[in-house]
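Accompanying notes for the structure given below.
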Amino acid sequence: MSRARARRAPLARMAPRGLAAAAALLAACQAPGPGAPASRASRAARPAAPPSLVTEAERTTFQRTGRYPEVERLCRGFEQAYPGRARCVRFGTTPEGRPMLAIVASDDGALDPGAARAKRRPVILFQGGIHAGEIDGKDGGFLALRALLDGTLARGALAAVTAVFVPVFNVDGHERFRPNQRPNQRGPEEMGFRATSQNLNLNRDYMKAEAPEMQAMLALLDAWDPVVHVDLHTTDGAKFQHDVAVLVEPSAPHPGGLDTAARALSGALQARLSALGHLPLPFYPAFREDDDPSSGISATPAAPRFSQGYSAARNRIGVLVETHSWAPHARRVRAAHDLLAALFERAALDAGAWRAAADRADAASARLAGAPFALRYRAAPTPRTVDFHGYAYERRASEISGGTWTVYDESRPEIWRVPLFDRLEPALTVAAPAAGYVVPAAHAAWVAEKLRLHGVTYHVLGAARPGFAVEAFRADVVAFDRPFEGRTPVKIQGAFRPERLDLPRGSLFIPTAQPRAPLVMHLLEPLAPDSLVAWGFFNAAFERKEYMEPYVAEEEARKMLAESPALRAEFEARLHDPAFAADPKARLDFFYQRHPSWDERVNLVPVFRVAAPPLPAAAP
């Protein structure tokens, strides 16, 4: 059997479970290739054997996964084994000092971002280990990349695209290595941890970009500008037969029709994975009520804090891959490998169309000014019913928790009829500002750094603009959430209203007319779910710094009532509200907020919308 057939044949069918799956996958992936043993005559003819690219997962029939030094070895090994076609790149350093590595592969020498951009070459970036206990993407990615370079997987794909593989995104978390990190996951024997060494979840950090690892990743994304960004995970959840879920964004209407290209890719991946013997899903298999399959599943677009939602906000296709945690590690690695095989098979045919779709999205986004744009979607209340491959289960009263316990019987597969809430309706729509946003000079330095990380264009005001016409957002209701991901998120209510405000020299102007306008709106619209406001970066704006003592407020209130019949009428009308009438503090605040000493900046969000550019400006 030829090397190509030896490498491909076992991958053409779905492996059975357990050790048989491991054996089948091992046979497929240990076919001759770089680092494979050669005959004595062959060894004598070559000055040096190429490095071994065999992984710890392969050596142990997928019972174990390698430590991070293996990633370092393999990164160098790929570059040595495939000279001129693979390159090992260090793109960052973790808080604990470890290198963040990527392997770049291409058949036309486009192994650096400049070369890829010069050729308008489509790029696919795929990453493993953002949650380092979910490590199937690392092991499956190495197998897929090796087969791509050998030409035994998706022949011709690397002539059409450049592949950038980040084996482990959360490197420090990967090295927090021990058994039993994920009790709801079958293998490997030991694995890394979900969060970073700073206890941050990288898959909640794409917008706020606080982790050093995320800042390095955003720089990598900005440099390579992948048309497709794949994030390889292992899901949590109930016990069922489906072995992989693949979510492709944008799934909702998007400028330039990028959602059309995403839906076409989603359908192709689902069909190919099914043909390879998998049971794929196009939605995340989480029930609306924990542990209750009968409650149904909601399929809504991901917020941009998540990788696939962030890609969509950048006008690129994002793919979230979730192998199922209760499948053995070997089967999950196969699913990750086969997903990448299916993707690169499509890339050989469609990569140019994906590049064109991204370009159309960029052009349409740059014309977004004044147009409505949905920042959040929800599932409509009426579901459809779908077949879902589950197992027999029963719901029992638990003497341990005092609640309800779901008990699954994996020996009894069955088809569930599950409500799927996948019809979308906008939950928050705003009109893009006619010119853009302004951030006052007091916040310019740190906001500018965030904008640079996200590749957003902005300008610095070279002169003050007194009394400039803006729309200003003043919060009427402010509610702080419990701490989350190292921040105190906030939910506010209010609206933009026309005002004239002084814009100091050094303020930032962020134009709407740029390709990343959707990302700009997600960052700067106060009500957007992952905005800088929502993540608590402007929380000081909602704090009072000066006060009026009650005895002073009593005196001032009497003066104000005597001077203004209109104010008296307004106050008496408010007294008809029983809650207000019974609250002495609220009654005194009524007057303080109308007093000349009131701080007009309390609850003023320091992000303004403008209908005209506040130029002149100097480029940063």
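The values are calculated or read from the model by the stated rules, or taken from the named source; none is laboratory data. Since the model is a prediction, treat every value here as computed from it, not as a measurement. Methodologically, a virtual Cβ is constructed for each residue, glycine included, from the backbone with ideal geometry; neighbour enumeration extends over all protein chains shown. Just so you know, the surface numbers come from the protein's heavy atoms only, side chains and all, with ligands and any DNA or RNA stripped out. Shrake-Rupley method; radii C 1.70, N 1.55, O 1.52, S 1.80 Å.
Partner lysines whose Cα lies under 28 Å from the Cα of Lys208, excluding those fewer than 8 positions away in the same chain, are identified as Lys138, Lys450, Lys491, Lys545.
Taking other residues whose beta carbon is less than 12 angstrom from the beta carbon of Val533, and scoring Lys, Arg as +1 and Asp, Glu as -1, yields +1. By accessible area, using a 1.4 Å probe on protein heavy atoms only, segment 389-538 has 54% of its surface on carbon and sulfur.
Only alpha carbons enter this Debye calculation for the chain, each as an equal point scatterer, and the log10 of I(q)/I(0) it gives at q = 0.06, 0.07, 0.11 Å⁻¹ is -0.38, -0.51, -1.09.
In order along segment 85-96, the Karplus-derived 3J(HN,Hα) couplings, from 6.51 cos²θ - 1.76 cosθ + 1.60 at θ = phi - 60°, round to 10, 9, 9, 9, 10, 9, 10, x, 9, 7, x, 8 Hz, and Gly and Pro are given as x. Residue-wise HN-Hα couplings along segment 508-517, as the Karplus relation 6.51 cos²θ - 1.76 cosθ + 1.60 with θ = phi - 60° gives them from phi, are 9, 10, 10, x, 6, 6, 7, x, 9, 4 Hz; Gly and Pro carry x.
With the simple spin-label model, which puts each label point 7 Å out from Cα in the Cβ direction, the Phe480 to Thr385 separation comes to 4.8 nm. Centroid-to-centroid, using Cα positions, segment 210-232 and segment 434-510 are 25 Å apart.
The residues packed around Leu451, meaning those with a beta-carbon under 14 Å from its beta-carbon, carry a net charge of +3 if Lys and Arg are +1 and Asp and Glu are -1.
Full extension of the chain between Ala463 and Arg178 yields a length gain of 96.9 nm, computed as 0.36 nm times the residue separation minus the alpha carbon distance. All other residues whose Cβ lies under 14 angstrom from that of Arg316 are scored, Lys and Arg at +1 and Asp and Glu at -1, for a net of -3. For the chain, the relative contact order comes to 12 percent (Cα pairs under 8 Å, sequence separation of at least 6). Which residues does a label at Ile400 reach in segment 280-300, if reach means a backbone N under 20 Å from a point 7 Å past the Cα toward the Cβ? Within reach of a label on Ile400, which here means backbone N under 20 Å from a point 7 Å along Cα→Cβ, segment 280-300 contributes 290-293. Applying D = kT/(6 pi eta Rh) to segment 74-186, where Rh is the Kirkwood radius over alpha-carbon pairs, T corresponds to 25 °C and eta to 0.890 mPa s, the Stokes-Einstein value obtained is 165 µm²/s.
With helices as the sole contributors, the chain gives -9500 deg cm²/dmol at 222 nm; each DSSP H run of n ≥ 4 counts as -39500 (n - 2.57), and the sum is divided by every residue. A 1.4 Å probe, protein heavy atoms only, puts the accessible area of Glu471 near 70 Å².
Subtract the Cα-Cα distance of Gln198 and Arg423 from 0.36 nm times their separation in residues, and report this length gain in nm to one decimal. Here the segment from Gln198 to Arg423 would lengthen by 77.2 nm.
Can you give me the orientation-averaged projected area of the convex hull built on the Cα atoms of segment 136-295, in nm²? Mean projected area for segment 136-295: 11.9 nm², to one decimal. Ratio of alpha-carbon Rg to the 2.2 N^0.38 Å globular estimate for segment 493-542, to two decimals, please. Rounded to two decimals, the normalised Rg is 1.28. Here the label points at Ala569 and Arg117, each 7 Å from Cα along the C-beta direction, are separated by 6.3 nm in the simple model.
The spread of Cα positions in segment 426-536, taken along each principal axis and listed from longest to shortest, comes to 40, 30, 29 Å.
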